[in-house]
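Let me begin by presenting the structure, written as structure tokens, before commenting on it.
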Amino acid sequence: MDVDTRLAEAWVRAMAAAVEKEHGRLTELDSAIGDGDHGSNLRRGFTAVLAALDAPDAPAPAGPGAVLTKAGSTLISKVGGASGPLYGKAFRAIGGALPQPGEAPADAAGLGEALAAGLRAVRELGKAEPGDKTIVDAWTPALDAYRAAVAAGGGLPEAAAAAAEGAERGALDTVPLQARKGRASYLGPRSIGHQDPGATSTALLLRALAEAVGR
Ligand code: ADP
Ligand code: MG
Ligand code: MG
């Protein structure tokens, strides 16, 4: 199975559907340790992403990379909170790391490299380390699990499922952490005992990849 335009579009649509379904929970988590807008931020962003994909005058995307790059650019332009630029840069990096039209399509290992570029972009922009109670704490174990699945001979379905599980585990593991980046860090030790909203949305976005691959 290759990473083609159809899969990229299916992933983006599955992300938008997951955000539509779970935005209330994301906002609830952000109300506990932030400013209560994470769900609405992502909802606004992904609504615009879908509108960009479905615009009647939109040209057909020039490959899977173009789909992710467009999604990222839309998130950057529509989401004001911390998560907009972070996810926006991440998806732009994923899009840029995928093979361009005319090149051989990415396989499971290639998508792993693209996901690694996404995590690098988040870390470059946000300067968060693992353990700071952020998006990085879901994306890092997700990437590790993805790579382990590929190293064990798994294809895209196995690797994407492993990434989703890794991200979900990582999001749960943020509960005992004290936030050191973003708004939650203003709470100091009072941020302990709550699940990080951004790590939770990362788990949704990677679960969406596993769903899209399984389709
Ligand atoms: P804001 O905090 O501006 O209201 P959101 O509520 O949309 O933005 O997003 C909050 C989430 O962003 C946090 O739960 C955290 O996971 C993530 N985040 C904040 N700062 C950083 C950072 N520097 N690096 C990575 N993720 C971060
Ligand atoms: Mg917020
Ligand atoms: Mg905000």
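The values are calculated or read from the model by the stated rules, or taken from the named source; none is laboratory data. Being a predicted model, the structure only gives us computed values, none of them experimental. All Cβ positions, even for glycine, are placed from backbone atoms using ideal geometry, and neighbour counts span all protein chains on display.
In region 75-91 there is at least one residue matching the filter, namely being touching a Phe, Trp or Tyr at 6+ places or on another chain (Cβ under 7 Å) and either within 16 Å of ligand 2 (Cβ to nearest atom) or of a type in the set (Phe, Trp, Tyr) (or both). Out of the residues in region 189-212 that are surrounded by fewer than 24 Cβ atoms within 10 Å (Cβ to Cβ) and among the aliphatic types (A, V, I, L, M), which is farthest from Gly112 (Cα to Cα)? Restricting to residues being surrounded by fewer than 24 Cβ atoms within 10 Å (Cβ to Cβ) and among the aliphatic types (A, V, I, L, M), the top hit is Ile192. Summed over region 134-187, residues that are among the aromatic types (Phe, Trp, Tyr) and surrounded by 17 or more Cβ atoms within 10 Å (Cβ to Cβ) total 2. There is no residue in region 132-154 that is at pLDDT below 95, charged (D, E, K, R) and more than 17 Å from the chain's Cα centre (by Cα). Quick check: anything in region 173-188 among the hydrophobic types (A, V, I, L, M, F, W, C), out of contact with any Cys (no Cβ under 8 Å at 6 or more places or on another chain), more than 15 Å from ligand 2 (Cβ to nearest atom) and touching a residue at least 40 places away in the same chain (Cβ under 8 Å)? Yes, region 173-188 contains a residue that is among the hydrophobic types (A, V, I, L, M, F, W, C), out of contact with any Cys (no Cβ under 8 Å at 6 or more places or on another chain), more than 15 Å from ligand 2 (Cβ to nearest atom) and touching a residue at least 40 places away in the same chain (Cβ under 8 Å).
Any residue at all in region 30-47 that is at pLDDT 95 or above and closer than 27 Å to Pro99 by Cβ? Yes - at least one qualifying residue is present in region 30-47.
In summary, helices (runs of 4 or more DSSP H) completely within region 129-215 and bearing 1 or more residues that are in contact with an Asp or Glu (Cβ under 9 Å, 6 or more places away or on another chain), over 22 Å from Ala106 (Cα atoms) and within 16 Å of ligand 3 (Cβ to nearest atom) occur at 197-214.
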